[in-house]
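Down below is the structure, laid out as structure tokens.
The values are calculated or read from the model by the stated rules, or taken from the named source; none is laboratory data. Predicted model only: the values in this text are computed from it and were never measured. Here the Cβ positions follow ideal geometry from the backbone for every residue, glycine too, while neighbour counts run over all protein chains shown.
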Amino acid sequence: MTDLTALDQSPEAEFGDYVALLKPRVMSLVVFTALVGLLVAPVQVHPLVAFTSILFIALGGGASGALNMWYDADIDRIMKRTQGRPVPAGKIAAGDALGLGLALSGISVVMLGLAANWFAAGFLAFTIFFYAVVYTMWLKRSTPQNIVIGGAAGAFPPMIGWAVATGGISAESVLMFALIFMWTPPHFWALALFMKEDYSNAGVPMLTVTHGRKVTREHIFGYTLALAPLAMGLGLTSIGGPIYMAAAAVLNVGFIRGAWRIRARSEEAAVADGYAAEKAFFRYSLAYLFLHFGALLAEAALRPYGLGGW
Amino acid sequence: MAFGRDHELHTRRFGRNLGLGLVLAAFVALVFGLTIVKVSQGNPMQAYDHAPRPELVPAPEVSQ
């Protein structure tokens, strides 16, 4: 056997595999919410500084994704949804994912500090730590509250974007955080309802596995109810306005209705129609978040023309 | 076999190397651009470098 035939037998990672390690789909949510947080802030930021900041916030998010894939390789191998990821697929060694995750974490934090300010950089470092250590290593495998508390990691980006512009925290940025924080559990529990085999096979204590599906349905409804006043409250701050309030009112009524449908359904009814209501709620939840932040952006964009804001 | 024909492995590696090269070039361009922005915005570009620098000491407040 020549050296080349030996190399043929071990798949060598391509550039795209390293990109996949950074969870580009999650990154898109990070980029969008961080960008909105930055643009709606009352302080103007130079476009290149804003671009660089968002880029390195995204890279920090990607780094935590790589660390997550390094640590979770064993359960990713079991779950259908995650079997194709570069580490379980054997394209990238787990150790390489760890190295890349650590290196990109350092680069992203330092570059954000140099481009924007060290408060935002510290916030990014905390977010990476929270996702990689608190969520991935600690909560995910130990408590059904994993995504409730771990969801905070995904909710920090608009606060970091706000911190890039203002250098601090305010009621507006905390409410943007609260919106994503409370949105995450119903979003992921709806997913867990129709991806039911995956989490139980991997032994991840999702609420559906530990407390049953009926309790999960009730929790989805409860969180959706609690989410509505936070979403509306954000509209009353300096970054809200009539466009946001109208959008939030419509979106929250729809979200609560969807959650009520899920709560009212029995498992038999859900199986009968292939989890149609749960899948529809999951898709709606994506639009829900996108449109809330889109409405905030619209308010900020129209403000110079005297149309946006209160 | 033609002399110098690339093995499929090298083609794949070339893609990876090209990607990394482009990322590094973009990084250099970004740092350069950022430097231009910071300098033109008048951000403080100097600090103490082992020895105290009198011009960096804030002016004392004048008592009334």
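For A:VAL87, are the conditions met, namely being within 14 Å of chain B (Cβ to nearest Cβ), in a loop (DSSP other than H, G, I, E, B) and of a type in the set (Val, Ile, Thr)? No, not satisfied. Of the residues making up the range A:213-229, not a single one is in the same structural domain as A:LEU302 (by TED's automatic domain parsing), in a loop (DSSP other than H, G, I, E, B) and without any contact (Cβ under 8 Å) to a residue 24 or more places away in the chain. When restricted to residues that are within 14 Å of chain B (Cβ to nearest Cβ), part of a helix (DSSP H, G or I) and touching a residue at least 12 places away in the same chain (Cβ under 8 Å), the range A:27-54 contains 5. With among the aliphatic types (A, V, I, L, M) and surrounded by 24 or more Cβ atoms within 10 Å (Cβ to Cβ) as the only criterion, which of A:ALA152, A:ALA163, A:ALA171 stands out? After applying the criteria, what remains is A:ALA163.
When A:LEU114 is tested against (1) within 14 Å of chain B (Cβ to nearest Cβ); (2) in contact with a helix residue (DSSP H, G or I) (Cβ under 7 Å, 6 or more places away or on another chain); (3) in a helix (DSSP H, G or I), only condition (2) is not met. For the range B:28-64, filtering for residues that are modelled with pLDDT of 75 or more and touching a helix residue (DSSP H, G or I) at 6+ places or on another chain (Cβ under 9 Å) leaves 8. Taking residues in the range A:265-276 that are touching a residue at least 12 places away in the same chain (Cβ under 8 Å), and partners anywhere that are of a type outside the set (A, V, I, L, M, F, W, C) and exposed (fewer than 14 other Cβ atoms within 10 Å of the Cβ), the pairs with Cβ atoms closer than 9 Å and at least 6 places apart or on different chains are A:GLU267/A:LYS214.
Residues considered: A:MET206, A:MET245, A:MET195. Of these, the only one that is surrounded by fewer than 20 Cβ atoms within 10 Å (Cβ to Cβ), closer than 28 Å to A:ASP72 by Cβ, among the hydrophobic types (A, V, I, L, M, F, W, C) and not assigned by TED's automatic domain parsing to the domain that holds A:TYR135 is A:MET195. Of everything listed in (1) buried (at least 19 other Cβ atoms within 10 Å of the Cβ); (2) within 17 Å of A:ARG25 (Cβ to Cβ); (3) of a type in the set (A, V, I, L, M, F, W, C), the single unmet condition for A:MET111 is (2).
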